[in-house]
């Protein structure tokens with residue numbers, strides 16, 4: 001397993017060692033010891049989530065103001081454009097975003113630590129996304145940044161308007177959002 005920093009140094013692209021031959025492939029998708037060594041701290045995941053979405057579905061940008069969640073995201077079918085936004089007011093990168101294509105084919109994962117909003121858009125016909133979370137889902141603490149906030153200027157790879165859940169369409173703008181210190 002290796003990790004590469006994105007333009008936001010705390011957000012990492014994680015690549016497993018894949019062993020393949022004419023029968024198929026094998027890789028270790030999770031190893032606590034190796035992952036903790038990669039990111040330089042101990043992480044405890046308490047919840048796994050799995051979503052399936054069609055082309056053009058945009059989920060996010062989500063975060064929890066209490067019980068913040070770090071997320072390790074991967075795709076097991078299809079392809080997504082995955083986005084993390086730094087929403088820590090004390091960070092020199094506050095309001096900046098990074099995006100990575102994750103797919104079943106490239107087998108990359110992205111580590112989105114606590115203090116970041118997270119979302120993705122499906123760029124294949126369908127995508128199944130799995131992610132581990134460091135804290136439990138707490139709907140009373142969940143917040144959403146609106147996906148098309150001009151202050152963020154995220155370059156979503158979509159033609160036309162994405163398919164959104166009502167709460168995602170009604171997300172807050174960064175300037176008025178509840179964020180982290």
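The values are calculated or read from the model by the stated rules, or taken from the named source; none is laboratory data. For clarity, every value in this text was computed on a predicted model and none was experimentally measured. FYI the Cβ positions are ideal-geometry reconstructions off the backbone, even for glycines, and counts take in every protein chain you see.
Looking only at region 150-169, decide whether some residue is in contact with a helix residue (DSSP H, G or I) (Cβ under 8 Å, 6 or more places away or on another chain) and modelled with pLDDT of 95 or more.
So far as region 150-169 goes, yes, one or more of its residues are in contact with a helix residue (DSSP H, G or I) (Cβ under 8 Å, 6 or more places away or on another chain) and modelled with pLDDT of 95 or more.
So is residue 43 touching a helix residue (DSSP H, G or I) at 6+ places or on another chain (Cβ under 9 Å) and more than 18 Å from residue 142 (Cβ to Cβ) or not?
When the stated conditions are applied, residue 43 passes them.
For region 1-40, which residues satisfy the criterion of being at pLDDT below 95, assigned to a loop (DSSP other than H, G, I, E, B) and closer than 14 Å to residue 111 by Cα?
Result: 1, 16, 29, 30, 31, 40.
Of everything in region 115-152 that's part of a loop (DSSP other than H, G, I, E, B) and free of Cβ contacts under 8 Å to residues at least 60 places away in the same chain, which residue is surrounded by the fewest Cβ atoms within 10 Å (Cβ to Cβ)?
Among them, the one singled out is 150.
Mind telling me which of the residues 95, 56, 99, 40 ends up being on the phi > 0 side of the Ramachandran plot and in contact with a strand residue (DSSP E or B) (Cβ under 6 Å, 6 or more places away or on another chain)?
56
Could you tell me whether residue 111 is under 26 Å from residue 36 (Cβ atoms), at pLDDT 95 or above and touching a strand residue (DSSP E or B) at 6+ places or on another chain (Cβ under 7 Å)?
Answer is yes for this residue.
Listed here are the residues, each with its yes/no results for (1) over 22 Å from residue 138 (Cα atoms); (2) within 17 Å of the chain's Cα centre (by Cα); (3) in contact (Cβ under 8 Å) with a residue 24 or more places away in the chain; (4) surrounded by fewer than 21 Cβ atoms within 10 Å (Cβ to Cβ).
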site: 33; (1), (2), (3), (4): yes, no, no, yes
site: 50; (1), (2), (3), (4): no, yes, yes, yes
site: 72; (1), (2), (3), (4): no, yes, yes, no
site: 77; (1), (2), (3), (4): yes, yes, yes, yes
site: 87; (1), (2), (3), (4): no, yes, yes, no
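In this structure, is residue 38 touching a residue at least 24 places away in the same chain (Cβ under 8 Å) and buried (at least 18 other Cβ atoms within 10 Å of the Cβ)?
Judged against the criteria, residue 38 is not a match.
Select from region 160-181 the residues that are under 25 Å from residue 124 (Cα atoms) and free of Cβ contacts under 8 Å to residues at least 24 places away in the same chain and write down the one among them that is surrounded by the fewest Cβ atoms within 10 Å (Cβ to Cβ).
That would be 166.
Please determine, by comparing only the residues of region 12-31 that are without any contact (Cβ under 8 Å) to a residue 12 or more places away in the chain and touching a strand residue (DSSP E or B) at 6+ places or on another chain (Cβ under 8 Å), which one is farthest from residue 67 (Cα to Cα).
Applying the first criterion (without any contact (Cβ under 8 Å) to a residue 12 or more places away in the chain) to region 12-31 yields 19-26.
Keeping just the survivors that are touching a strand residue (DSSP E or B) at 6+ places or on another chain (Cβ under 8 Å) gives 19-20, 25-26.
Details: 19: 37, 20: 39, 25: 36, 26: 34 Å.
My answer is 20.
Of the numbered conditions (1) in contact with a strand residue (DSSP E or B) (Cβ under 9 Å, 6 or more places away or on another chain); (2) on the phi > 0 side of the Ramachandran plot, residue 63 satisfies every one except a single condition; which is it?
Here residue 63 clears every test but (2).
Being in contact with a helix residue (DSSP H, G or I) (Cβ under 8 Å, 6 or more places away or on another chain) and closer than 24 Å to residue 29 by Cβ, is that true of even one residue in region 103-112?
Yes, that holds for at least one residue.
Assigned to a loop (DSSP other than H, G, I, E, B) and within 16 Å of residue 134 (Cα to Cα) - does that describe any residue in region 50-65?
yes
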